[in-house]
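The structure under discussion appears below in the form of structure tokens.
The values are calculated or read from the model by the stated rules, or taken from the named source; none is laboratory data. On a predicted model such as this, the values are computed, not experimentally measured, just so you know. All Cβ positions, glycine included, derive from the backbone under ideal geometry; neighbour counts span all protein chains shown. The area values use the complete protein model at the heavy-atom level, side chains included, leaving out ligands, DNA and RNA. Shrake-Rupley method; radii C 1.70, N 1.55, O 1.52, S 1.80 Å.
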Amino acid sequence: MTQPSLIRALGRWDLTAIGVNQVIGGSIFLMPSLLAASVGAWSPVAFLAVGALSMAIALSFAEAASRFDETGGPYLFTRPVFGRFASFEAGWLLWYARASSWASIVNGLADALSFYWPALKTGLPRASLIASVIAIICWINVRGIRQSAFVVNLLTIGKLVPLALFIVIGFFFVNPEWVKPAGGVSWSSASATALLVIFAYGGYEVVTVPAGEAKDPMRMVPFALVMTIATVTAVMTLAQIVALGTLEGLASSKTPLADAAVVFLGAAGGLLLTAGAAVSMLGNNMGHPLSGSRNLYALAEQGDLPAIFGRVHPVYRTPWIAVIFTSAVALVLALSGSFATLAAGSAVARLVLYAGTCASVLMLRRPRFAGVVRPATFVAPGGPTIPLVGILLALSIIAGATTMQLLVGVGAIVAGAVLYLVAAPGARDVQS
């Protein structure tokens, strides 16, 4: 019997919504106060600067993606250059980051809702909420990519509308003196702020993963990557300006956007932004199994995991075993509390992927790969400059990571190596 295949149903704006949804989670509603405490009125500049640096990595991803039309993202980009083992690690780290982050975000959603329903803070009510959210999202992802994309699009709009209202209306109430940078910033403050903001920009790499379900991935994925970074840079920078210019004492606020909205929109504004934060986290939850399951599917499709993870549902045309497995792991992590430790290393895992993809872009440009991969339909401008900037940026952030982040990140890489030896058929032949 012929194995059913995934269907190509995603357009460029579906892919863009997946990227925006994954980057804009709950942190945008909380981060303005942290940045204000660190660098004050320079915080909008920090968002702009890091947005420009993130665009360098996104452009490298766009060039790599323009050579492939299959599911897998960085797992596929690194395979022809660094071999089977390195690409397995890339695919494993992609999945690991999604599963652990999902467990973290679903707990964040429970925390946000517990503000109104205190019973959700602990015990059976909290566990029931977490299990219900994961089960519903799993069901939607199994039912089809069109349904999943529709829900992601809806939730992305649901999180952007409150932010857009906050920005547009709030600009009329901004105190220019409060947003005017004054004095310098110490190197330690600038470095800490850069790390914080770069982690806030993370997640756009997921746009490349479901390429096998995009209508014209070699053109649509690069478009979606660029639009994702452009959109989130604009939203984050403008939201920071409004929060900084309307809320006196922003640095001490625990719910900065909601508190700022109360200033110029009243209690209804605070409620709107609080609801927006909940919708934002729910949307972020929705995106994790969509991309995470496709990582498992790609590993199985290429023969690096047992074939069961590559099974496609005969009716829904989704990698249903991979979706259910990813959801089950996220549920266990979310309920056990071990997500906190694992999520600490997901940022390091993401940075390793960034550096690996940028390095792959430089290598794939060489003539000896001309017959190995397709010609690029998009080439990052500036010769080797942009990929090199991406590599240096990723490595510098890794160097500034905390000891806990580094230890957990290295642990994830070691775990991937063990999994490769145990689970990958013919794994001892390290190079494909």
Subject >> Interchain or long-range residues, amide H under 5 Å from LEU10's placed H >> reply: ALA214, LYS215
Original post:
Dividing the convex hull volume of the alpha carbon atoms of the stretch 273-343 by its residue count, what do you get in Å³ per residue?
Top reply: 113 Å³
Original post:
What FRET efficiency comes out for the pair LEU124/ARG219, r = Cβ-Cβ distance, R0 = 45 Å, nearest 0.05?
Top reply: 0.35
Original post:
Roughly how many Å² of TRP320 are accessible to a 1.4 Å probe, to the nearest 10?
Top reply: 80 Å²
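Please give the contour-minus-distance gain from ALA86 to ALA267: 0.36 nm per residue of separation, less the Cα-Cα distance, rounded to one decimal in nm. The partial results should precede the final answer.
On the way: separation 181, 0.36 × 181 = 65.16 nm, distance 5.21 nm.
Roughly 60.0 nm would be gained on extension.
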Subject >> Cα→Cβ-extended label distance, 7 Å offset, between ILE136 and ALA275, nm >> reply: 1.5 nm
**OP:** Would you mind calculating the relative contact order of the stretch 291-419 from Cα pairs under 8 angstrom and at least 6 residues apart, reporting the percent as a whole number?
**Re:** 24 percent
**OP:** May I ask you to compute the full-extension gain from TRP117 to ALA37, defined as 0.36 nm times their residue separation minus their alpha-carbon distance, rounded to one decimal in nm?
**Re:** 25.8 nm
Subject >> Amide N of the stretch 8-24 lying under 14 Å from the label point, which is placed 7 angstrom from the Cα of ARG146 along Cα→Cβ >> reply: 8-11
**OP:** In square nanometres and to one decimal, what's the mean projected area of the convex hull around the Cα atoms of the stretch 1-70?
**Re:** 7.2 nm²
Original post:
From the phi of every residue in the stretch 319-333, what ³J(HN,Hα) in whole Hz does the Karplus formula 6.51 cos²θ - 1.76 cosθ + 1.60 yield, where θ is phi - 60° and glycine or proline is x?
Top reply: x, 5, 5, 5, 5, 5, 5, 4, 5, 5, 5, 4, 5, 4, 5
**OP:** Give the angle, between 0 and 90 degrees and rounded to the nearest 10, that separates the Cα long axis of helix 12-23 from the longest principal axis of the Cα atoms of the chain.
**Re:** 60 degrees
**OP:** With a probe of 1.4 Å, find how much accessible area the stretch 1-42 has per residue, and write the answer as a whole number in Å².
**Re:** 39 Å²
Original post:
Hey, what does the equivalent ellipsoid look like for the stretch 159-290, semi-axes from the Cα gyration tensor as sqrt of 5 times each eigenvalue, largest first, whole Å?
Top reply: 30, 20, 14
**OP:** Enter the angle in degrees (range 0 to 90, nearest 10) between the Cα long axis of helix 145-170 and the first principal axis of the Cα atoms of the chain, meaning the one along which they spread out most.
**Re:** 20 degrees
Original post:
Under the definition of Cα pairs under 8 Å and six or more residues apart, what whole-number percent is the relative contact order of the stretch 230-328?
Top reply: 15 percent
Subject >> Relative contact order computed over the chain (Cα-Cα under 8 Å; 6+ residues apart), in percent >> reply: 35 percent
Original post:
For VAL372 and MET404 in the same chain, what is the full-extension length gain: residue separation times 0.36 nm, less their Cα-Cα distance, in nm?
Top reply: 7.6 nm
**OP:** Calculate the spin-label point distance for SER5 paired with ALA182, positioning each point 7 Å from the Cα along the beta-carbon direction, and give it in nanometres.
**Re:** 6.4 nm
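What shape does the stretch 25-115 have by the C-alpha gyration tensor, where a ≥ b ≥ c are the square roots of the eigenvalues, rounded means a/c under 1.5, and otherwise prolate means a/b greater than b/c and oblate the rest?
Numbers: a/c = 3.15, a/b = 1.50, b/c = 2.09.
It comes out oblate by the Cα gyration axes.
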Subject >> Stokes-Einstein translational diffusion, the chain - Kirkwood Rh over all Cα pairs, 1.306 mPa s, 10 °C, in µm²/s >> reply: 73 µm²/s
Subject >> Sequence of GLU177, GLU205, GLU70 when ordered by accessible area, the most exposed leading, probe 1.4 angstrom >> reply: GLU177, GLU70, GLU205
Original post:
In terms of the Cα gyration tensor, with a ≥ b ≥ c the square roots of its eigenvalues, is the stretch 84-140 rounded because a/c is under 1.5, prolate because a/b exceeds b/c, or oblate?
Top reply: prolate
**OP:** Provide the net charge surrounding ILE137, with neighbours chosen by a C-beta distance below 13 Å and charges set as Lys +1, Arg +1, Asp -1, Glu -1.
**Re:** +2
